[in-house]
Amino acid sequence: MRSICTAGVADWLDQPDPFDAVTAFLHNRGLTHSARVMLAIVSASSILAPLAMVVPTYREVTLLFAVIIALIGCCLSCVMTWFWLTHWPTRRQSLITVSLCTACAVAWSVVQPSAALAALTCAAVPITSGYIAFFHSNRALLLNMVAGLAASGCAVYRLAHEVNIETAIAAVWLLGMLNTLTPITIRGTSKAMSVYASRSDTDALTGLLNRRGFLDTVERHLVSAPDDGPEYVVAIMVDLDDFKRINDTLGHAEGDRVLLHVADILREHAPPTSAICRAGGEEFLLAAMSWTADPCVLAAPLCEAITSRLGDVSASIGVAAAARRDVQSAPAPAEAVLELVSAADLAMYEAKRSGGNRVVVGTPR
């Protein structure tokens with residue numbers, strides 16, 4: 001039983017973070033700007049904390065030290081507000097920033113001259129825990145929650161000695177609930193959003209991407225592609241020849257089986273970073289990075305594999321290629337990808353008009 005529990009905890013800690021999925025979800029639905037504004041408001045509001053250092057109640061702190069700390073805190077708040085208004089962070093930037101915010105909140109709580117203020121300051125940590133729960137890994141979330149609970153424990157200990165035990169017990173309940181239930185609830189929301197985003201970008205039958213998911217994946221791969229990686233982007237349009245005959249003579253169940261086999265063939269023959277899409281009906285779309293300008297290097301094996309695997313089923317394939325740097329440097333990379341897809345689509349129809357079961361190379365505009 002212990003080993004099962006240990007394995008379950010290890011699996012939970014090793015789950016990948018949803019940063020890319022949630023970022024894509026916000027971007028695809030035009031919510032990135034609203035999210036940046038909201039986070040900028042949170043950053044701007046944090047300026048109130050360092051300003052509190054100059055309040056006369058801090059009798060144990062010299063005025064000069066208080067002013068210095070307040071100025072530093074105000075500058076950091078302004079920088080973070082500007083950053084959120086103008087940028088969307090990378091995963092690393094996001095995690096480093098929120099970890100620093102937690103460290104500042106914990107340190108702020110520890111140095112408070114009043115136990116009540118120390119306990120109140122601990123309430124800031126669930127905010128960073130909620131952010132981590134939304135964007136980052138379970139491991140990072142657990143570490144942040146432990147930091148918040150540790151700071152809360154110190155504040156409760158001080159309350160018990162400086163105020164009374166009843167107040168300390170109330171603080172245990174309130175701070176414990178904030179530090180645990182808030183991030184766990186947000187984590188569940190983030191997971192549900194990731195699942196929804198994944199399902200909304202995939203085809204229900206084959207599990208391949210749909211057109212929206214396809215374009216988003218291609219754009220992400222282009223943006224993250226290293227400079228020393230493959231130099232060309234290849235778009236391949238696959239249309240099964242005379243597919244209506246299969247549905248009419250053998251039934252739609254058999255037609256679905258053929259589509260599933262074709263999807264498996266595409267997965268097997270496509271490079272690891274490819275985006276594979278069921279474009280509709282019996283049409284499939286594939287985009288991949290290639291080291292060669294000859295798009296037939298990827299397309300020809302697909303045509304042969306479909307015929308050899310499925311026997312009486314063949315495919316008309318159109319293919320087009322462009323230099324990756326040309327696509328990346330275009331004013332709208334997504335439009336450049338669509339032009340490549342359009343060229344492959346026209347080439348596919350040319351292959352179909354020529355009798356099918358062949359590959360035709362298209363030329364982008």
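The values are calculated or read from the model by the stated rules, or taken from the named source; none is laboratory data. Because the structure is predicted, anything quoted here is derived from the model rather than measured. FYI the Cβ positions are ideal-geometry reconstructions off the backbone, even for glycines, and counts take in every protein chain you see.
Among residues of the stretch 325-336 that are closer than 15 Å to Glu231 by Cα, those with a Cβ under 9 angstrom from a residue that is modelled with pLDDT under 80 and surrounded by 14 or more Cβ atoms within 10 Å (Cβ to Cβ), sequence gap 6+ or separate chain, pair up as Val327/Leu222; Val327/Pro333; Gln328/Leu222; Gln328/Ala225. Filter the stretch 267-313 down to the residues that are assigned to a loop (DSSP other than H, G, I, E, B) and either farther than 17 Å from Ala347 by Cβ or modelled with pLDDT of 90 or more (or both) and list them by number. Across the stretch 267-313, the qualifying residues are Ala270, Pro271, Pro272, Thr273, Ser274, Gly281, Glu282, Trp291, Thr292, Gly311, Asp312, Val313. Scanning the stretch 239-266 for residues that are surrounded by fewer than 19 Cβ atoms within 10 Å (Cβ to Cβ) and either touching a Cys at 6+ places or on another chain (Cβ under 7 Å) or assigned to a loop (DSSP other than H, G, I, E, B) (or both) yields Asp242, Gly251. Of Thr121, Thr102, all but one fail to be modelled with pLDDT of 85 or more, among the hydroxyl-bearing types (Ser, Thr, Tyr) and crowded, with 17+ Cβ neighbours inside 10 Å; the exception is Thr102. Selection of the stretch 103-130 for residues being touching a Pro at 6+ places or on another chain (Cβ under 8 Å) and of a type in the set (S, T, N, Q) yields only Ser129. Of all residues in the stretch 1-41 being hydroxyl-bearing (Ser, Thr, Tyr) and at pLDDT below 80, which is farthest from Ala123 (Cα to Cα)? Ranking the qualifying residues of the stretch 1-41, first place goes to Ser3.
Only residues that are assigned to a helix (DSSP H, G or I) and buried (at least 17 other Cβ atoms within 10 Å of the Cβ) were counted across the stretch 13-41, and they come to 10.
Yes/no matrix, rows are residues, columns are (1) in a loop (DSSP other than H, G, I, E, B); (2) more than 24 Å from the chain's Cα centre (by Cα):
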{"site": "Val337", "(1), (2)": "no, no"}
{"site": "Val341", "(1), (2)": "no, yes"}
{"site": "Gly355", "(1), (2)": "yes, yes"}
{"site": "Val359", "(1), (2)": "no, yes"}
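Kindly indicate the residue of the stretch 42-60 that is among the polar types (S, T, N, Q) and part of a helix (DSSP H, G or I) and also modelled with the lowest pLDDT among those meeting that condition.
To start, the set of residues in the stretch 42-60 that are among the polar types (S, T, N, Q) comprises 43, 45-46, 57.
Still in the running and part of a helix (DSSP H, G or I): 43, 45.
Values: Ser43: 79, Ser45: 75.
So the residue we want is Ser45.
Listed here are the residues, each with its yes/no results for (1) closer than 24 Å to Thr217 by Cα; (2) touching a Phe, Trp or Tyr at 6+ places or on another chain (Cβ under 7 Å); (3) not small (Gly, Ala, Ser).
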| position | (1), (2), (3) |
| --- | --- |
| Glu282 | yes, yes, yes |
| Val313 | no, no, yes |
| Arg353 | no, no, yes |
| Val361 | yes, no, yes |
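Just one of the listed residues (Ala293, Ala299, Ala305) is over 25 Å from the mean Cα position of the chain (by Cα), aliphatic (A, V, I, L, M) and crowded, with 22+ Cβ neighbours inside 10 Å, namely Ala299. Could you say whether any residue in the stretch 233-248 is among the aromatic types (Phe, Trp, Tyr) and more than 18 Å from Val361 (Cα to Cα)? Scanning the stretch 233-248 turns up at least one residue that is among the aromatic types (Phe, Trp, Tyr) and more than 18 Å from Val361 (Cα to Cα).
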